[in-house]
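Chemist: Sharing a structure below in structure tokens format, with a few things to ask.
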Amino acid sequence: MDDGFSYDQALMEAERCLLCHEPPCSKGCPAKTDPGTFIRKFRMRNVTGAIRTIKENNILGGACGVLCPTCRLCEKECSATGIDKPIRIGKIQRFLIEHSWQVGFKTFDNPMSTDPGRQAEKIAIIGAGPAGLSCAAELAKSGYSVTIFEEREEAGGVLRYGVPSFRFSRSFLKNDLRDLEDLGVKIKCSSAIQKKGDVEKLLEQGFNAVFIGVGLWAPISLKKVPEDDSNIFSSVRFLETFRQEKFKELEKVCRGKIVAVIGGGSVAMDCARVALKLGAKDVNLIYRRSYSQMPAEPDEKIEALEEGIHFILLNQPTDYCRDSKGKLKGINLIRTRLAGADSKSGGSAAARGSGRRKPVEIPGSEWVMECDTAIEAIGNKAAADSGDWYPSVSVNSEMLVQADKETGQTNMEGIFAGGDIVRGPGTVVQAVADGKTAAKSIIGWLEKKRLKPAGYVSSRKEKKV
């Protein structure tokens with residue numbers, strides 16, 4: 001993980017800010033971290049006030065300062081753009097959070113500690129990823145008793161298992177999670193809520209509301225691969241193995257080998273860079289569109305190229321090529337050209353387009369690219385049986401939970417949802433925003449419930465489609 005700004009560097013950058021009356025950068029942040037305010041406070045040397053603004057608005061302000069695609073969010077809206085380079089908001093945000101850890105500044109206290117006799121209403125959060133952590137923090141700040149149930153051994157979700165350590169360190173995440181502990185949030189790891197009806201049972205067990213933030217962890221594959229195939233990885237398995245520091249296991253399939261990575265997003269860049277660091281002879285990144293249409297951030301693409309990763313553009317993988325013993329020896333490709341733009345609207349998440357020019361296969365242009373190991377960074381989807389975990393909740397054909405975009409409320413009273421399991425693949429900051437939205441709705445729903453007269457019966461339909 002690279003070094004962030006020093007105090008002087010951060011202050012110099014903040015002093016470039018135009019101090020807009022209605023900062024457009026603040027409107028560009030999905031999580032409403034409010035960079036316009038924290039930069040203004042920092043410029044006025046109110047460092048703790050700037051830190052408090054970030055953390056009160058975004059419990060994962062540190063993580064977002066490192067990983068957020070600021071160039072297409074807050075920094076894109078910066079008024080300095082066009083006059084000069086936009087203010088490096090993410091770098092300033094990261095500095096302020098790191099500074100708070102260095103000086104021991106504590107943003108939060110446990111609300112329950114001021115009133116130990118209070119019987120707080122209990123909320124269950126399913127999944128300790130960005131959406132779940134954000135929702136938990138907002139509820140805990142309002143005095144609710146929050147318990148997070150996490151399937152894996154450690155909390156963090158994609159931050160823990162999906163981002164390589166050279167981009168986001170364990171110690172950084174540990175510090176970010178400490179604020180949850182200060183708020184009194186309980187995190188129960190190795191506690192999967194994945195049996196039939198497990199989510200509804202939480203309501204029966206005394207929880208007053210439930211938030212579903214399980215994310216998307218099932219990989220989308222080019223072709224069905226035998227479970228014992230050790231040379232074809234999903235991006236989830238590859239990056240999780242790396243984060244668990246099982247380097248010898250990965251070096252066997254990378255060191256001195258030709259590695260192919262399928263995909264053009266941030267995850268594909270991470271996989272390619274990891275393979276190279278593990279000693280791969282060549283790493284070829286295969287993408288069916290052009291360089292400019294890659295969804296990865298500009299700096300990620302440049303870093304990958306500078307490190308020596310080869311981009312095989314305008315090529316569509318179709319299948320794997322194996323030798324007589326079934327061992328992987330290459331990938332079948334067909335060249336593509338770009339046609340007109342596809343549509344952004346209509347249909348399911350899978351059916352909707354991106355608004356980019358559509359890749360069209362060129363007949364007769366098939367060829368085979370040699371490789372020893374392949375990593376599929378095509379995307380993730382919901383687990384096939386995830387609907388069984390909450391059978392009363394409506395899901396669509398892709399097993400995405402159907403929840404109100406404005407509130408996170410599902411069709412089932414008391415059950416809310418957000419993050420990738422609702423919107424499909426998204427960014428950390430979008431998941432944080434979803435968690436905040438749902439927390440606000442949960443608080444409002446519980447307050448109304450307390451005011452309902454005895455014998456009230458909800459008219460909300462509890463039907464699964």
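The values are calculated or read from the model by the stated rules, or taken from the named source; none is laboratory data. Everything numeric here is computed off the predicted structure, so don't read it as measured data. Virtual Cβ from ideal backbone geometry, glycine too; neighbours counted across all protein chains shown.
Chemist: Would you please name the residue that is nearest to Ala296 (Cα to Cα), looking only at residues in the range 246-259 that are hydrophobic (A, V, I, L, M, F, W, C) and in contact with a Ser or Thr (Cβ under 7 Å, 6 or more places away or on another chain)?
Modeler: Within the range 246-259, the match that is nearest to Ala296 (Cα to Cα) is Val259.
Chemist: Being part of a strand (DSSP E or B) and within 22 Å of Asp270 (Cβ to Cβ) is the filter here, so list the residues in the range 356-404 that pass it.
Modeler: Scanning the range 356-404 gives Met369, Thr373, Ala374, Ile375, Glu376, Asn380, Lys381.
Chemist: Looking only at the range 363-402, count how many residues are surrounded by fewer than 14 Cβ atoms within 10 Å (Cβ to Cβ), in the same structural domain as Gly426 (by TED's automatic domain parsing) and either within 28 Å of Ile258 (Cβ to Cβ) or touching a helix residue (DSSP H, G or I) at 6+ places or on another chain (Cβ under 7 Å) (or both).
Modeler: 0
Chemist: Continuing with this model, one more query. For the range 117-154, enumerate the residues that are buried (at least 23 other Cβ atoms within 10 Å of the Cβ) and in a strand (DSSP E or B).
Modeler: Correct list: Ile123, Ala124, Ile125, Ile126, Val146, Ile148, Phe149.
Chemist: Tally time: how many residues in the range 1-56 are within 27 Å of Asp434 (Cα to Cα), part of a loop (DSSP other than H, G, I, E, B) and touching a helix residue (DSSP H, G or I) at 6+ places or on another chain (Cβ under 6 Å)?
Modeler: Residues meeting the conditions: 8.
Chemist: If you go through the range 281-296 one residue at a time, how many are over 21 Å from Ala341 (Cβ atoms) and touching a residue at least 40 places away in the same chain (Cβ under 8 Å)?
Modeler: Qualifying residue count, the range 281-296: 2.
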